[in-house]
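Trainee: Just dropping this structure here.
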Amino acid sequence: MYEMHYNELCAYIYNLSRDKQLAEDIVQNVMLKIWKNRKSLRITTSMKSYLYKSCYYELLDSYKRNKKELNYIEQIKKDALELFVEEDNDFVKNRIIKVREEIEKLPPKCKEVFVLNKLQGFKYKEVAEQLNVSIKTVEAQMYKAMTRIKKSLESKD
């Protein structure tokens with residue numbers, strides 16, 4: 001029976017699954033189950049029909065098992081990703097707090113220039129006009145503010 005039907009059953013399952021190794025495994029599993037249960041088996045159809053149906057149902061069971069495994073793996077990946085996102089959110093929140101603290105520590109003129117430019121979105125020229133200073137002064141104050149903020153963040157990491 002094995003030699004007579006093995007190749008055609010493998011071809012049948014391969015056409016359904018497009019996976020040669022899976023097809024061979026399915027047919028071997030079906031043949032093994034039939035051998036183990038040979039004394040209690042009651043086949044009411046033709047042997048060939050029984051083998052095809054058995055292989056088909058074994059393929060379906062295999063897909064169901066794989067789907068459960070894939071769902072489990074996907075859930076693990078999702079949980080791990082959420083953990084990293086939560087940790088990343090905490091990191092970002094802490095960085096924002098540190099930056100705000102450093103902005104508050106800036107000298108008054110430096111802070112004013114920084115807030116107008118970075119927080120309120122004014123261009124250097126507009127900041128200079130509002131504060132009645134040169135663009136070079138705005139550039140210098142921004143450089144000073146950025147340098148202090150970066151330096152304080154580097155030292156706290």
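Trainee: How many of the residues making up the range 121-157 are open to solvent by less than 100 Å² (accessible area, probe 1.4 Å) and farther than 17 Å from GLU104 by Cα? Spell out how you get there, then give the answer.
Mentor: Filtering the range 121-157 for residues open to solvent by less than 100 Å² (accessible area, probe 1.4 Å) gives 121-122, 124, 126-128, 131, 133-135, 137-142, 144-147, 149, 152-153, 155-156.
Next cut, farther than 17 Å from GLU104 by Cα only: 121-122, 124, 126-128, 131, 133-135, 137-140, 155.
Residues flagged as open to solvent by less than 100 Å² (accessible area, probe 1.4 Å) and farther than 17 Å from GLU104 by Cα within the range 121-157 amount to 15.
Trainee: Further, regarding this structure: Kindly provide the set of residues from the range 14-33 that are part of a helix (DSSP H, G or I) and modelled with pLDDT under 85, ordered by number.
Mentor: LEU16, SER17
Trainee: Which of the numbered conditions does ARG42 fail, given that it passes all the others? Conditions: (1) surrounded by 10 or more Cβ atoms within 10 Å (Cβ to Cβ); (2) at pLDDT 75 or above.
Mentor: Failing condition for ARG42: (1).
Trainee: Now for a different question. In the range 1-34, what residues are acidic (Asp, Glu) and closer than 17 Å to LYS48 by Cβ?
Mentor: Correct list: GLU3, GLU8.
Trainee: Name the residues in the range 40-70 that are over 20 Å from ASN7 (Cα atoms) and under 33 Å from the mean Cα position of the chain (by Cα), would you? Steps first, answer last, please.
Mentor: Taking the range 40-70 and keeping what is over 20 Å from ASN7 (Cα atoms), we get 40-45, 61, 63-70.
If the condition is that a residue be over 20 Å from ASN7 (Cα atoms) and under 33 Å from the mean Cα position of the chain (by Cα), then ASP61, TYR63, LYS64, ARG65, ASN66, LYS67, LYS68, GLU69, LEU70 are the ones that fit.
Trainee: Separate question: Does MET47 satisfy the condition of being of a type outside the set (Asp, Glu), farther than 17 Å from TYR57 by Cα and open to solvent by 40 Å² or more (accessible area, probe 1.4 Å)?
Mentor: So MET47 fails the test.
The values are calculated or read from the model by the stated rules, or taken from the named source; none is laboratory data. This is a predicted model, so every value here is computed, not measured. Quick reminder, even Gly has a Cβ in these numbers, built from the backbone with ideal geometry, and neighbours come from all protein chains shown. Heads up: the accessible areas ignore ligands, DNA and RNA and are worked out on the full protein's heavy atoms, side chains in. Shrake-Rupley method; radii C 1.70, N 1.55, O 1.52, S 1.80 Å.
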